[in-house]
Structures are given as C-alpha cells and as structure tokens.
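J.: Dropping the structure in here first, questions after.
The values are calculated or read from the model by the stated rules, or taken from the named source; none is laboratory data. Fair warning: this is a prediction, and the values are worked out from it, not measured in the lab. Cβ: placed from backbone, ideal geometry, glycine included. Neighbour counts: every protein chain shown.
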Amino acid sequence: MKKISAIVIMALLILISLVGCNNNAENTVAGRQNTLNEPPALYVSFNSGDSSEQGFNAVRLSWTWSVLDEDGIIHTTCTDSCGALQLSDYSDITLFLNDDSGEITLGFSDDYQPLSVSAKRWDVKYLEMESDVGFWDEGESIEVIGSKISVRNDGINYIYEVYANWSEGNSYYVFRVSMAGE
C-alpha cells in the first residue's frame, strides 16, 4: 500500500511540474498574443466582378470570450442576445446581389482568424411570422471555404448567421442578403 501511495504522489508531482504554475503568464493562443477582450468584428463584403464592392460589419450576436490576465487568472465573459431572426432592423447589414452571383468574403478584425467558421441561412419569410419558435431547424447549413461563401441570386432573400470559434471563445454574427430593391 505504501508503494502505491508513493507512486501516486510521484505521478502527481510529475504532473504538476509538467503543467506548471506560471505567475507570469502571457495571454498567448496558437503562438500569438491575444490583445482582444471580446471576439473580433466580422467584416462582410461582396464583389461579383460586375458591380462595385459592398461591405459592412455584421452584427455580433451572442458570444463567449476568455482572457488570461498577467496573474494567470482566466476571465470569461458570456453575452446573450436575440437570435439571427429576431433583429428589428437589417437595413445596415444587407448585401444586394442584383442579378449577380459571386462570393461573400468574411474578414475578421485585427486579422484574428478563427479556428473554424460555419454558416446557416434562413429565408426571410420567417421574419414575418409572429414567433420564431421552431424555425431554427428550418435553416440551411451553408459551406464556408476558407473565408468565402459562394452565393447566387436565386430570387430569395436570406438571413445569414455565421458562427466562429477561437481558442478564446466563440461568437455568432448576422447579416442579410437581398435582391436589389428589396
């Protein structure tokens, strides 16, 4: 029994020494210094080649973000907001496709690239319904390749939700894609 206790204590000491206690911790993630206290902004742009580029910052919805301070203490902030289908106004966050197809480019501020990005979209008809309960499942998953989403004007207006994940946390963003004049 004494041998087992000694082995367990030795294993714990080795584990503690490998993990370490760092009082001078740096807030680094994936080899970069984290200077952000919240997820970066998402700049959404569209250029079909036939029209001038359009772009704006998408609205950031719910997010979670952790920061390691100079004393080695992790501080986490969690926010909650309305869902992608619950905003009262999309006018400042709308891309107009006209008769175009092309690519939407997703650019994160400070070039702070996420580990993963996914997107979902809903037909805007869900905005006109009295409740969004049950509509979340109606969204269509959209492929994001690198920082691009391929789009074409199929005559349907959509609400897009982008989910980005970093080592420090995650965030949801929303914007609208419309036909010209709608």
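J.: What is the residue count in segment 79-126 for residues that are over 14 Å from the mean Cα position of the chain (by Cα), among the β-branched types (Val, Ile, Thr) and more than 16 Å from residue 55 (Cβ to Cβ)?
T.: 1
J.: Still on this structure: Yes or no: residue 91 among the small types (Gly, Ala, Ser) and at pLDDT 90 or above?
T.: Here the answer is no, as residue 91 does not meet what is asked.
J.: Just need a number here: residues in segment 94-115 that are surrounded by fewer than 15 Cβ atoms within 10 Å (Cβ to Cβ) and in a strand (DSSP E or B).
T.: 1
J.: Picking from 85, 61, which residue would you name as being buried (at least 18 other Cβ atoms within 10 Å of the Cβ) and in a strand (DSSP E or B)?
T.: Result of the check over 85, 61: 61.
J.: Further question: Within segment 116-182, considering only strands (runs of 3 or more DSSP E) that don't extend past its boundaries, which have at least 2 residues that are among the aliphatic types (A, V, I, L, M), at pLDDT 95 or above and closer than 30 Å to residue 37 by Cβ?
T.: Ranges flagged: 116-123, 158-165.
J.: From the residues in segment 64-82 that are surrounded by 17 or more Cβ atoms within 10 Å (Cβ to Cβ) and either out of contact with any Gly (no Cβ under 8 Å at 6 or more places or on another chain) or of a type in the set (A, V, I, L, M) (or both), which one is farthest from residue 170 (Cα to Cα)?
T.: 68
J.: Does segment 69-88 hold any residues that are among the aliphatic types (A, V, I, L, M), in contact with a strand residue (DSSP E or B) (Cβ under 9 Å, 6 or more places away or on another chain) and modelled with pLDDT of 90 or more, and which are they?
T.: Once the filter is applied, which keeps residues that are among the aliphatic types (A, V, I, L, M), in contact with a strand residue (DSSP E or B) (Cβ under 9 Å, 6 or more places away or on another chain) and modelled with pLDDT of 90 or more, segment 69-88 yields only 74.
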